[in-house]
Amino acid sequence: MKLHYYGHAAFAVALNGKFLLFDPFISPNQATHGKVDIGELTPDYILLSHAHEDHVADVEAIAKKSGGMIVGMAEVAYYYMQRGFDKVHAMNYGGQKTFDDGLTVKQTLALHSSSFPDGSYGGNPSGYVVSSENDGTFYFAGDTALFSDMKLIAETSPRPLDFAVLPIGDNFTMGVNDAVRAADFLGVKKVVGCHYNTFPPIEIDTGAAQSAFSQAGKELLLPGIGETIEV
Ligand code: NI
Ligand code: MN
């Protein structure tokens with residue numbers, strides 16, 4: 001699988017011939033300026049973990065231009081329906097949906113909070129397990145603390161997880177040590193780190209983070225903004 005990193009928790013994965021974009025917070029992110037052009041992003045799906053601005057800022061612009069389907073927790077999905085978007089798919093915890101193109105998406109628990117920048121209720125925050133028979137399976141935790149039911153997320157995944165995308169910036173989410181533990185619970189060796197170094201409260205020592213993972217026999221991948229990696 002190819003993974004494109006757009007800074008913060010925004011990334012895209014090419015799976016089953018489809019382009020899946022997650023948590024697009026790109027144009028307001030100082031660190032991405034000049035590295036990613038949201039006008040060039042043409043996702044088939046836009047999956048949202050929760051309603052906080054640092055996850056949804058570019059949803060409307062990208063959805064309008066690309067016609068990609070917005071996927072989110074019920075309240076997140078209904079918010080966009082009310083704002084005139086009709087290609088929207090609402091989910092809730094534990095729910096799994098296989099779309100016509102063979103892509104299976106399961107919505108998972110996340111320990112965090114969720115409200116839109118305009119104060120609208122954003123329901124509960126979530127993560128996703130995304131799977132395709134031919135191409136592989138991965139877990140995006142969204143913004144979350146560590147929780148032991150991550151074991152259950154791995155056990156009930158439609159297929160074994162190839163890698164996980166985990167927040168590592170601490171303060172608002174898990175930090176590095178808890179993310180190493182999360183990788184254990186999930187049974188994954190390969191982790192893509194996100195939600196770090198965007199703002200002062202989530203600045204981390206990336207070298208120390210990578211050694212913490214390697215000491216645990218795991219690999220922490222930290223693609224640069226605008227970089228594409230093979231996962
Ligand atoms: Ni958040
Ligand atoms: Mn966040």
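The values are calculated or read from the model by the stated rules, or taken from the named source; none is laboratory data. Quick caveat, the model's predicted, so the values are computed rather than measured. Reconstructed Cβ throughout: ideal geometry from the backbone, glycine too, with neighbour counts over all protein chains shown. For the accessible areas, the whole protein counts, side chains as well, though only heavy atoms, and no ligand, DNA or RNA atoms are used. Shrake-Rupley method; radii C 1.70, N 1.55, O 1.52, S 1.80 Å.
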If R0 is 22 Å, what FRET efficiency do you get for Lys190 and Phe99 from their C-beta distance, rounded to 0.05?
0.30
Residue-span extension gain [Ser148 to Gln215] - 0.36 nm each, minus C-alpha spacing
22.0 nm
Taking Lys and Arg as +1 and Asp and Glu as -1, residues besides Leu111 with C-beta under 12 Å from its C-beta add up to -3
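Going through the DSSP H helices of the chain, which span 24 Å or more along their own axis at the Cα atoms while scoring at least 1.0 as a mean Kyte-Doolittle hydropathy? Show your work: numbers first, answer last.
Details: long enough: none.
Going by DSSP H runs, there are no hits.
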Could you work out the percent of alpha carbon pairs in region 36-89 separated by over 16 Å, rounded to a whole number?
32 percent
In region 103-162, what is the volume of the convex hull around the alpha carbon atoms, normalised per residue and reported in Å³?
89 Å³
Virtual spin-label span in nm between Lys65 and Met81, 7 Å along Cα→Cβ:
2.7 nm
Per-residue HN-Hα couplings for region 28-36 [Karplus 6.51, -1.76, 1.60; θ = phi - 60°; Hz; x = Gly/Pro]
x, 7, 3, 5, 8, 3, x, 9, 9
Could you tell me the accessible area of Lys35 in Å² (1.4 Å probe, neighbours in place), rounded to the nearest ten?
120 Å²
Quick one: Cα centre-to-centre distance for region 140-166 and region 74-95, in angstrom?
22 Å
Whole-percent tail of the Cα-Cα distance distribution for region 152-231, cut at 16 Å, equals 49 percent
Please list, in chain and number order, the residues 5+ apart from Met174 or on another chain whose amide H is under 5 Å from its amide H, with Hs placed from the backbone.
Thr144, Ala145, Leu146
Based on the Cα coordinates of region 74-231, what is the per residue volume of their convex hull in Å³?
130 Å³
Please state the equivalent ellipsoid semi-axes for region 1-138: what are the square roots of 5 times the Cα gyration tensor eigenvalues, largest first, in whole Å?
20, 19, 14
Solvent exposure, largest accessible area first (probe 1.4 Å, DNA, RNA and ligands not counted), of Glu53, Glu155
Glu155, Glu53
